[in-house]
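Working notes for the structure below.
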Amino acid sequence: MTPGPPRAPRLPLETDRLRLRELSADDEDEFIALYGDARITRHLLYGPTDTESAREHLAAAIRRQRAARRNTWELGVELAATGRLVGACDLTLHSREEAEIGYLLAHTCWRQGFGTEMAVALVHAAFGQLGATRVLSTVEIHNDRSARVLDKAGLRWEGTLRRYAKAKHRWWDVHLYAVTREDWLTARR
């Protein structure tokens, strides 16, 4: 059996106020600012937190974009009205059935519905474009704001994963959120 054509989301993903698109070298200053903000990175298990590691992370993400086949799309999030990069997100296809989403947003954009808008766009792409049957996301157990974003995007709490990952010199516990295609379609009716 030969594998089917590679699946990929049609980019950019656009919402009323956001544009989720491939990253570019022009994003370096904003990307470094995002990952250098302790308010944003304190709940991130992985990811750069200093200038050099943010620069390396961006360069690696741009290199991965050139792959003929890939299962992760690391995207910049810009305000549609201004083109200013205000966040980053990723959509990973773990298997033909399961996708995972992740995101971060500039502190100046918190509490304005942008996080939910971004998460909804990622879930929609996972089900509508990639054909996933389940979308999941993990959230550090103290990140209540992100948990609310996932809830508003239609994902539901499924459990707590203790000692999920060791990062930043400690073990992290996370909440697992997920939604099935069937539940997502039902909620959209």
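What follows draws every value from the coordinates through simple rules; no lab data is involved. In this text, all values refer to a predicted model and were calculated from it rather than measured experimentally. Note that each Cβ is placed from the backbone with ideal geometry, even for glycine, and that neighbours are counted across all protein chains shown.
Reported value for the stretch 15-71: 120 Å³ per residue, from the convex hull of its C-alpha atoms.
Global dimensions of the chain from alpha-carbon coordinates: Rg and Dmax equal 16.0, 50 Å. Here the dipole of the stretch 70-132 is about 160 debye; that uses its Cα centre as origin and unit charges on the Cβ of Lys and Arg (positive) and Asp and Glu (negative).
Rounding to the nearest 20 debye, state how big the charge dipole of the chain is about its Cα centre with +1 on each Lys and Arg Cβ and -1 on each Asp and Glu Cβ.
Dipole of the chain, to the nearest 20 debye: 500 debye.
Compactness of the stretch 64-122 is given as radius of gyration and Dmax, 12.8, 37 Å, from Cα positions.
Put simply, the Cα atoms of the stretch 133-189 extend 45, 22, 15 Å along their principal axes, the longest span coming first.
Along its first, second and third principal axes, ordered by size, the stretch 23-114 spans 36, 29, 29 Å in Cα coordinates.
Each of Trp171, Leu34, Gly131 was scored by the projection of its Cα onto the charge dipole of the chain, and the greatest displacement toward the positive side belongs to Gly131; charges sit on the C-beta of Lys, Arg, Asp and Glu.
With the convex hull drawn over the C-alpha atoms of the stretch 53-165, the volume per residue is 139 Å³.
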